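Notes to accompany the following structure.
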Amino acid sequence: MREPLRVTIITGTSAALSDLLCVRMRALGVPVARYRHEDGTLLRSHDGERTSVPVDHCASCALRADLPDFLTGLPGGRLMLVLPETADPLDAAIASEGAGATVETVAMIVDLGSVADALAGAETLAERGLAAGVTDHRTLAGLLARQAETADVFLTWTGSDADPDQVGLGRALLTHLSPGAGFTDIDAAADRIGVDAGKAFDLQAVLERTQPGGALPGCPAAFGRVSTLIWRSRRPFHPERLYAALDRVMNTGVRRARGHLWLASRPLTLLSWQIAGATLSIEPAGRWLHAAGPDEWQRVSPIRRTAACLDWHPEHGDRRSEIRFTGTDLLDRELCSVLDEAVLTGPEMAFGERAWARLADPFTPWLGPTARAC
C-alpha cells in the first residue's frame, strides 16, 4: 500500500528567501519541488529534473492544472512544495488535497520589515515585476493578505538595517490576519519543517473564514498600533450613502478588510467586501440563502448552512452585513459611525423591499444592473 504523501506548502513573495529555504531543506534530505514563473513559462524543479509546464491563460491556472498529475505520480512520504511568488496558496492546497495528498502545513516566508508598507499601498504585481500574466491586475497588498490568511506558520526574516518599529508593526499585522498562526525565524525553519511536526493545516477551516458568507475569525487583542474589529448590521446599505462613504472608510487606517454585505437595491445578491492596502473591491459572490432553493442550500458548506439557521431573521433570512477590519491606528469609532450612517434608517426599512429596489444604485457600472433594471 502506498504511503500517504504529506505536503508542506511554502508561499511568499521573495524568490531569494524561497531559494535559501530550498537549499537548506535539500541539505537535510527533504524532497523539494520548486515552481517558478519565468518569462511566461511555469518551471517545475524536482529530484534534479526541470519540467516546463504550459501556460495557456495564466501561471496560477497552469499550477492548478499541473499539481494533480505531478503529485499523484510521486511516491508517498514528505514533500516541500514551494510555490511561485504570485501563487495563491489556497488554490494549491485545494489542488493538492484533491489529488489525495495531505497538506500538513502552509508556511509563508515574510520579510517583517516590509510587511506594513506593503499592506498600506496600491502597488500592483505588474509594477513590482511579479504579474503572473498580462491579465493579472492584482496588488501586492492583496496577494500578501491572501497568503497570510491561508498560512498556519510564518517563516520570518529581518534585514540588519530594518526599522524595529516596522518589524513589530509587520508582526502585529500578520498576527491579526491569521490569529492562529505561529512564527518561526527562517534560520530555524529547517528544523521545524524538516521533522514530522504533524498536521496543522485545516483546509475546510480556511475556506470557511475566507469565503464570503463564511465565519469570520475573531478579533485578537490590540497589539501596539494594530487592532481589529468586526462591524455587523441586519439592515441593508443604502447604495448612494454607501458609495459616498467609501472614501471616508478608506481614511480610517484600515489595511485589510474582508466580509460580505447586503445592498438594499440588490435583494438577492450576496456581495463580498475586500480591502487590501489602498484598494477596495465590492463584487458579487453568489446568492443569499434567503432566496435559495433546496439544491442551492445543499451546495453551500455545512457551516454556512448552520450559521444561517442559527442567525435566521424571520423576514430577511440570512441577509446581513458583516465585515472584519484590521488597521494601523484604526479610527474604530469613526469607522463604525460612517458605516452605521450608510445603512437604511428605520423609516426607510418600513418602506419595504419594493421601495428599496427603486433606489438609485451608483454601483451599477461595476456590479451590473439591479434585478429591477433587468
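The values are calculated or read from the model by the stated rules, or taken from the named source; none is laboratory data. Only a predicted model underlies this, so the values are computations on that prediction, with no experimental measurement involved. With ideal geometry, Cβ positions are generated from the backbone for all residues, glycine too; neighbour counts draw on all protein chains shown.
The residue that is surrounded by the fewest Cβ atoms within 10 Å (Cβ to Cβ), counting only those in segment 311-337 that are part of a strand (DSSP E or B) and touching a strand residue (DSSP E or B) at 6+ places or on another chain (Cβ under 8 Å), is T328.
Scanning segment 133-146 for any residue that is over 22 Å from T210 (Cβ atoms) and not in a loop (DSSP other than H, G, I, E, B) turns up nothing. Hey, could you check segment 90-104 for residues that are assigned to a helix (DSSP H, G or I) and of a type in the set (D, E, K, R) and say which is nearest to R171 (Cα to Cα)? The selected residue is D91.
Within segment 246-267, the residues that satisfy the criterion of being within 20 Å of T345 (Cα to Cα) and surrounded by fewer than 19 Cβ atoms within 10 Å (Cβ to Cβ) are L246, R248. Hey, could you check segment 72-82 for residues that are at pLDDT below 95 and crowded, with 17+ Cβ neighbours inside 10 Å and say which is nearest to the chain's Cα centre (by Cα)? Among those that are at pLDDT below 95 and crowded, with 17+ Cβ neighbours inside 10 Å, it is M80.
Return the total of residues in segment 147-178 being surrounded by fewer than 20 Cβ atoms within 10 Å (Cβ to Cβ) and either in a helix (DSSP H, G or I) or among the β-branched types (V, I, T) (or both). Steps first, please.
First, pick out the residues of segment 147-178 that are surrounded by fewer than 20 Cβ atoms within 10 Å (Cβ to Cβ): 158-168.
Now narrow it down to the ones that are either in a helix (DSSP H, G or I) or among the β-branched types (V, I, T) (or both): 158, 164-168.
Total satisfying the criteria: 6.
Take the conditions part of a loop (DSSP other than H, G, I, E, B) and not hydrophobic (A, V, I, L, M, F, W, C) and apply them to D340. Does it pass? Reasoning before the result, please.
Working: part of a loop (DSSP other than H, G, I, E, B): no; not hydrophobic (A, V, I, L, M, F, W, C): yes.
No, not satisfied.
Across segment 120-132, the qualifying residues are those that are in contact with a strand residue (DSSP E or B) (Cβ under 9 Å, 6 or more places away or on another chain) and of a type in the set (G, A, S), and the one among them that is surrounded by the fewest Cβ atoms within 10 Å (Cβ to Cβ) is A122.
Just to be sure before I move on: is A107 surrounded by fewer than 21 Cβ atoms within 10 Å (Cβ to Cβ) and not in a helix (DSSP H, G or I) in the structure I sent?
Numbers: surrounded by fewer than 21 Cβ atoms within 10 Å (Cβ to Cβ): no; not in a helix (DSSP H, G or I): yes.
The answer is no for A107.
Taken together, the residues in segment 343-374 that are among the basic types (K, R) and outside any helix (DSSP H, G or I) amount to 1. When the residues of segment 34-61 are filtered to those that are within 24 Å of the chain's Cα centre (by Cα), over 20 Å from C22 (Cβ atoms) and of a type outside the set (S, T, N, Q), the one that is modelled with the lowest pLDDT is H57. In segment 133-146, which residues are surrounded by fewer than 21 Cβ atoms within 10 Å (Cβ to Cβ) and in contact (Cβ under 8 Å) with a residue 40 or more places away in the chain? G133, T135, D136, R138 - these are the residues of segment 133-146 that are surrounded by fewer than 21 Cβ atoms within 10 Å (Cβ to Cβ) and in contact (Cβ under 8 Å) with a residue 40 or more places away in the chain. Of the set (1) touching a residue at least 12 places away in the same chain (Cβ under 8 Å); (2) not in a loop (DSSP other than H, G, I, E, B), all apply to W297 but (1). Could you identify the single residue in R26, R36, R44 that is over 19 Å from A95 (Cβ atoms), touching a strand residue (DSSP E or B) at 6+ places or on another chain (Cβ under 7 Å) and of a type in the set (D, E, K, R)? Sole residue among the options that is over 19 Å from A95 (Cβ atoms), touching a strand residue (DSSP E or B) at 6+ places or on another chain (Cβ under 7 Å) and of a type in the set (D, E, K, R): R26.
Apart from one condition, R171 fits all of (1) among the charged types (D, E, K, R); (2) under 25 Å from A122 (Cα atoms); (3) modelled with pLDDT under 95; the exception is (3).
Here D69 fulfils each of the conditions (1) closer than 25 Å to R138 by Cβ; (2) of a type in the set (D, E, K, R); (3) in a helix (DSSP H, G or I) apart from (1). Quick check, is S45 surrounded by fewer than 21 Cβ atoms within 10 Å (Cβ to Cβ) and either touching a residue at least 60 places away in the same chain (Cβ under 8 Å) or part of a strand (DSSP E or B) (or both)? It is true that S45 is surrounded by fewer than 21 Cβ atoms within 10 Å (Cβ to Cβ) and either touching a residue at least 60 places away in the same chain (Cβ under 8 Å) or part of a strand (DSSP E or B) (or both).
Residues of segment 292-302 that are surrounded by 15 or more Cβ atoms within 10 Å (Cβ to Cβ) and either hydrophobic (A, V, I, L, M, F, W, C) or not assigned by TED's automatic domain parsing to the domain that holds L261 (or both): A292, V300.
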